[in-house]
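Undergrad: I have a structure I would like to understand better, so I am pasting it below and will then ask my questions one at a time.
Just so you know, all these numbers are worked out from the coordinates, no wet-lab data involved. Since the model is a prediction, treat every value here as computed from it, not as a measurement. Cβ sites come from the backbone with ideal geometry, for glycine too, and all protein chains shown count toward neighbours.
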Amino acid sequence: MATPKTVAILSPGEMGHAIGRVLARHGLRVITSLEGRSERTASLARAAGIEDVGSLDRVVAEANAIFSVLPSAAAPILASEVACRLAGRDRPVTFVECNALAPRTVREIGEVVSSAGGHVVDAGIIGSPPTESRGPRFYASGPWVDEFLAFRTAGLDVRPIGQEIGQASGIKMCYAALTKGLSALGTELLLAAAKLDLLDPLLAEFESSQTELRAWLERAVPGMPSKSRRWVSEMEEIAATLEYLGLSPGYHRAAANLFRWVGETELAREHPESRDTGRTLRATVEKLVADQSRV
């Protein structure tokens, strides 16, 4: 199948604009609607070569494919808004649900969009926003997954894993449950150590007996505050997934609470693309402890 010529990114934030940049560099027309979006989002879109067509009405009218790349909590609302605008199109649109959602949530979204005539693809993104040298994996599932495979020729690493909506989101939930869940756990225990005046000996012990974990925490935790608000709903989706499967949702609900609190701190005011990349793990923990003591 040929790659769609006009692709919409909703919304061109940290991940979305990077996806759009890759597609634009491969010759596709990439569009969005910046109505109600922040100046930061507008700036990211411009830098990525994404065209603002104004309204969501025009996006749905002009796009052959729509990528939904949003904070998890906003995904069902966008899907409903797109579905309302699909009636009367003379050709189907491929709706790629890229958000971190519970499989059941994605199936509900799939029903809404497909009932309006859309071709829904469930896509679970694993990895950081794409750059010139590397990109994330787009695990994909659903009856229309072949339409998404066409984007392999436009720079995306698409990996089909099944014909059912929810499979790709399931693998995303399981992966993020570990990586972002571990980030929450690491942050919490390091805060506890700092409050007990034990941060130095604990980090030294990690360096001695948990070298790889120590290095992972050094990479993961300093960048977490700038993303923490987005991760709240993602942890809630993971908790919902586990509860639906008869497993314990408690830990990831606690992780959501940790990210919710971090999202109110001074460090969370930074943006991922402009944060202080020189800030160490120790400095991050000490700053979060200081912020909490002022509450």
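Undergrad: Just want to confirm a number: the relative contact order over the chain, from Cα pairs under 8 angstrom separated by 6+ residues, in percent.
TA: Numbers: 534 pairs, mean separation 42.8, N = 295.
Relative contact order, the chain: 15 percent.
Undergrad: While we're looking at this one, here's another question. Cut-off under 18 Å on the C-alpha distance; same-chain residues fewer than 8 positions from Lys287 excluded. Which aspartates and glutamates are left, in chain and number order?
TA: Glu188, Asp197, Asp200, Glu218, Glu264, Glu266, Glu270, Asp276
Undergrad: From the gyration tensor of the Cα coordinates in the chain, what semi-axes in whole Å does the equivalent ellipsoid have, largest first, with each one equal to sqrt(5λ)? Spell out each step's value before the answer.
TA: Numbers: eigenvalues 255, 83, 59 Å².
Values for the chain, descending: 36, 20, 17 Å.
Undergrad: Sum -39500 (n - 2.57) across every DSSP H segment of at least 4 residues in the chain, then divide by the residue count to get the 222 nm mean residue ellipticity, nearest 500.
TA: Working: 12 runs with 152 residues, N = 295.
Using -39500 (n - 2.57) per qualifying helix, the result is -16000 deg cm²/dmol.
Undergrad: Which distance in nm do the two modelled labels at Thr211 and Asn257 give, with both placed 7 Å along the Cα-to-Cβ direction?
TA: Between Thr211 and Asn257, the simple spin-label model gives 3.7 nm.
Undergrad: I want to make sure I understand the PRE zone here: with the label point 7 angstrom from the Cα of Ser115 toward its beta carbon, which residues in the stretch 63-78 have backbone N atoms less than 17 Å away?
TA: Under 17 Å, as judged by backbone N against the label point of Ser115, lie 76-78 of the stretch 63-78.
Undergrad: Continuing with the same structure: Apply the Karplus parameterisation 6.51 cos²θ - 1.76 cosθ + 1.60, with θ equal to phi minus 60°, to every residue of the stretch 164-177 and state each ³J(HN,Hα) to the nearest whole Hz, in sequence, with x for glycine and proline.
TA: Karplus-based 3J(HN,Hα) across the stretch 164-177 equals 10, 4, x, 5, 5, 5, x, 5, 5, 4, 5, 5, 5, 4 Hz.
Undergrad: Something else now. Once phi is turned into θ = phi - 60°, what whole-Hz ³J(HN,Hα) does the Karplus curve with 6.51, -1.76 and 1.60 give for every residue of the stretch 19-24, x standing for Gly and Pro?
TA: Couplings: 5, x, 4, 4, 5, 5 Hz.
Undergrad: Starting from the Kirkwood radius over alpha-carbon pairs of the stretch 170-293, derive D by Stokes-Einstein at 10 °C in a medium of 1.306 mPa s and give it in µm² s⁻¹.
TA: Numbers: Rh = 14.9 Å.
Here the translational diffusion coefficient equals 107 µm²/s.
Undergrad: Continuing with the same structure: Please sort by residue number the GluC sites (Glu not before Pro) in the stretch 1-45 whose DSSP state is loop and whose Cβ has at most 14 other Cβ atoms within 10 Å. Let's see the in-between values first.
TA: Details: sites: Glu14, Glu35, Glu39; in loops: Glu35.
Qualifying residues, ordered by number: Glu35.
Undergrad: Output the relative contact order of the stretch 179-277, whole-number percent, from Cα pairs under 8 angstrom with separation of 6+ residues.
TA: Averaging sequence separation for qualifying contacts and normalising by length gives 32 percent for the stretch 179-277.
Undergrad: Right, here's the next one. Using only the alpha-carbon atoms, how far is helix 228-244 inclined from the longest principal axis of the chain? Give it as 0 to 90 degrees, nearest 10.
TA: 80
Undergrad: Okay, next question. Considering amide H positions built from the backbone, and no H for Pro or chain starts, which residues 5 or more places from Gly162, or on another chain, come under 5 Å of its amide H?
TA: Gly142
Undergrad: How large is the dipole of the chain about the Cα centre if only Lys and Arg carry +1 and Asp and Glu carry -1, each at its Cβ, rounded to the nearest 20 debye? Working shown, then result.
TA: On the way: 33 positive and 36 negative charges, 89 e Å.
In total the dipole reaches around 420 debye.
Undergrad: What is the calculated FRET efficiency for Ser133 to Ala283, with r their C-beta to C-beta distance and R₀ = 35 Å, to the nearest 0.05? Kindly include the intermediate steps, with their values, before the conclusion.
TA: Numbers: r = 28 Å, r/R0 = 0.80.
The computed FRET efficiency comes out at 0.80.
Undergrad: If you take every DSSP beta bridge fully contained in the stretch 6-163, what fraction is antiparallel? Give it as a percent rounded to 5. Intermediate values should be presented prior to the final figure.
TA: Working: 5 of 27 bridges.
Taking every DSSP beta bridge with both residues in the stretch 6-163, the antiparallel ones total about 20 percent.
Undergrad: Can you tell me what share of the DSSP beta bridges in the chain is antiparallel? A percent to the nearest 5 is fine.
TA: Numbers: 5 of 27 bridges.
Just about 20 percent of them are antiparallel.
Undergrad: To continue, here is another question. Can you give me the long-range amide H partners of Leu34? Hydrogens built in the peptide plane at 1.01 Å from N, cutoff under 5 Å, separation of 5 or more residues or another chain.
TA: Val53, Gly54
Undergrad: Can I ask one more? What is the spin-label model distance, in nm, from Ser55 to Arg219 if the labels are put 7 Å beyond Cα along the C-beta direction?
TA: In this crude label model, Ser55 to Arg219 measures out at 4.6 nm.
Undergrad: Going highest first, how would you order 285-292, 245-252 by mean Cβ packing within 10 Å? All intermediate terms of the calculation are to be shown ahead of the outcome.
TA: Values: 285-292: 17.1, 245-252: 13.8.
Per-residue Cβ counts within 10 Å, averaged per peptide and sorted highest first, yield 285-292, 245-252.
Undergrad: If I take every Cα pair under 8 Å that is 6 or more residues apart in the stretch 6-163, average their sequence separation and divide by the length, what percent do I get for the relative contact order?
TA: Values: 321 pairs, mean separation 32.0, N = 158.
Once divided by the residue count of the stretch 6-163, the mean separation gives 20 percent.
Undergrad: Could you give the distance between the Cα centres of the stretch 184-227 and the stretch 1-42, to the whole Å?
TA: 36
Undergrad: So between Glu270 and Ser80, what do we pick up on full extension, going 0.36 nm a residue minus the alpha carbon distance?
TA: Working: separation 190, 0.36 × 190 = 68.40 nm, distance 3.10 nm.
So the extension gain works out to 65.3 nm.
Undergrad: Enumerate the amide H contacts of Val93 below 5 Å, restricted to partners 5 or more residues apart or on another chain; note that Pro and chain-start residues carry no placed amide H.
TA: His119
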